[in-house]
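Reading through the structure tokens given below for one structure.
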Amino acid sequence: MNAEPSAVLIERRGRVLIVTLNRPDPELSVGVLTGAGKGFCSGMDLKAFRAGERPHVEGRGFAGIVERPADKPLVAAIEGFAVAGGLEVALACDLIVAARGARLGIPEVKRSMVAAGGALLRLPRTMPRNVAMELALTGELIYAERAFDLGLVNRLAEPGEALHVALELAIEIAANGPLALAATKRVMAESADWSDAEFFARQRPIIDPVFSSEDAREGATAFAERRDPVWKGR
């Protein structure tokens, strides 16, 4: 009897982890997030929903990512489509690369459902609020090109090249200090509701350990010696 193929394929390339969704709906994972087959992810399996199944992980939300994303940077690589929960998974990533012609949206209202996986929180923070409202209330999809113009997509790729472009972006990020990356992401994620008056005081306990780290000294030394730094994550 043949074993059932894994729903998540993992490949490591240097300091970058590629996680491929081997069944575009609804499994997902972390790292450079992409999809096997015709699209990225179509969200919740509606047939499973009718049977009472819910792809929810306690403490992390839909698909184990939307309520508590990973501490390390995530890049979504979208081919074909990222709709409903699939777009919410992409929005839980830090950066989005999408192939030209890919369609994105949250069509839940067309099935009398609500985009409950974070899109109603993150879309208005990523694009103009009135555009996000229109997408949410109509359920219509937009193409990657318009999403790029609106600031939802970071980089466009030719069809079939989203993973390649996402890898280029991920490798560029991975060359930087891991402690600095984690602290930078945390400050940007948590500071949305900080006032200007409290910003510097609240970021201090997050960034001070980075400045006093071995990696920070290595970064300064490597710059002085005109060589690439060797990070140790401490």
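The values are calculated or read from the model by the stated rules, or taken from the named source; none is laboratory data. None of the values given here were measured: they were computed from a predicted structure. Heads up, the Cβs are rebuilt from the backbone with ideal geometry, glycines too, and the neighbour counts pull from every protein chain shown. Surface areas here come from the heavy atoms of the whole protein model, side chains and all, with no ligands, DNA or RNA. Shrake-Rupley method; radii C 1.70, N 1.55, O 1.52, S 1.80 Å.
Structure above, values below:
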{"read-out": "Matching entry among Arg125, Arg129 (being surrounded by fewer than 18 Cβ atoms within 10 Å (Cβ to Cβ), closer than 28 Å to Thr184 by Cβ and at pLDDT below 95)", "value": "Arg125"}
{"read-out": "Test: residue in region 135-145 that is of a type outside the set (Ser, Thr, Tyr), assigned to a helix (DSSP H, G or I), out of contact with any strand residue (DSSP E or B) (no Cβ under 9 Å at 6 or more places or on another chain) and more than 17 Å from Val89 (Cα to Cα)", "value": "yes"}
{"read-out": "Positions within region 205-234 being among the basic types (Lys, Arg), open to solvent by 100 Å² or more (accessible area, probe 1.4 Å) and without any contact (Cβ under 8 Å) to a residue 12 or more places away in the chain, in sequence order", "value": "Arg217, Arg226"}
{"read-out": "Any hit, region 80-101, residues being over 17 Å from the mean Cα position of the chain (by Cα) and modelled with pLDDT under 90", "value": "no"}
{"read-out": "Cβ pairs under 7 Å, 6+ apart, first in region 158-170 and β-branched (Val, Ile, Thr), second open to solvent by less than 20 Å² (accessible area, probe 1.4 Å) and not in a helix (DSSP H, G or I)", "value": "Val165/Val97; Val165/Ala157"}
{"read-out": "Residue in region 146-157 that is least open to solvent (accessible area, probe 1.4 Å), counting only those that are touching a residue at least 12 places away in the same chain (Cβ under 8 Å) and in a helix (DSSP H, G or I)", "value": "Ala147"}
{"read-out": "Count of residues meeting criterion [farther than 17 Å from Asp149 by Cβ and basic (Lys, Arg)] in region 67-101", "value": "2"}
{"read-out": "Residue that is surrounded by the fewest Cβ atoms within 10 Å (Cβ to Cβ) [pool: residues in region 97-106 that are over 14 Å from Ala136 (Cβ atoms) and touching a Leu at 6+ places or on another chain (Cβ under 7 Å)]", "value": "Arg100"}
{"read-out": "Which numbered condition Val109 misses (of (1) β-branched (Val, Ile, Thr); (2) in contact (Cβ under 8 Å) with a residue 60 or more places away in the chain; (3) open to solvent by 40 Å² or more (accessible area, probe 1.4 Å))", "value": "(2)"}
{"read-out": "Condition broken by Ala116, with the remaining ones in (1) part of a loop (DSSP other than H, G, I, E, B); (2) modelled with pLDDT of 95 or more satisfied", "value": "(2)"}
{"read-out": "Pairs, first within 11 Å of Gly101 (Cα to Cα) in region 73-86, second assigned to a helix (DSSP H, G or I) and at pLDDT 90 or above, C-beta under 6 Å, six or more apart", "value": "Ile78/Ala162; Glu79/Ala162"}
{"read-out": "Residue check, Val165 crowded, with 16+ Cβ neighbours inside 10 Å, over 18 Å from the mean Cα position of the chain (by Cα), aliphatic (A, V, I, L, M) and assigned to a helix (DSSP H, G or I)", "value": "no"}
{"read-out": "Criterion violated by Phe200 - all others in (1) surrounded by fewer than 18 Cβ atoms within 10 Å (Cβ to Cβ); (2) part of a helix (DSSP H, G or I); (3) at pLDDT below 95 satisfied", "value": "(3)"}
{"read-out": "Near pairs, Cβ below 7 angstrom, 6+ apart or cross-chain, from region 181-204 (without any contact (Cβ under 8 Å) to a residue 40 or more places away in the chain and among the polar types (S, T, N, Q)) to any residue that is part of a helix (DSSP H, G or I) and exposed (fewer than 13 other Cβ atoms within 10 Å of the Cβ)", "value": "Ser191/Phe199"}
{"read-out": "Of the criteria (1) at negative phi; (2) open to solvent by 60 Å² or more (accessible area, probe 1.4 Å), which one Lys185 fails", "value": "(2)"}
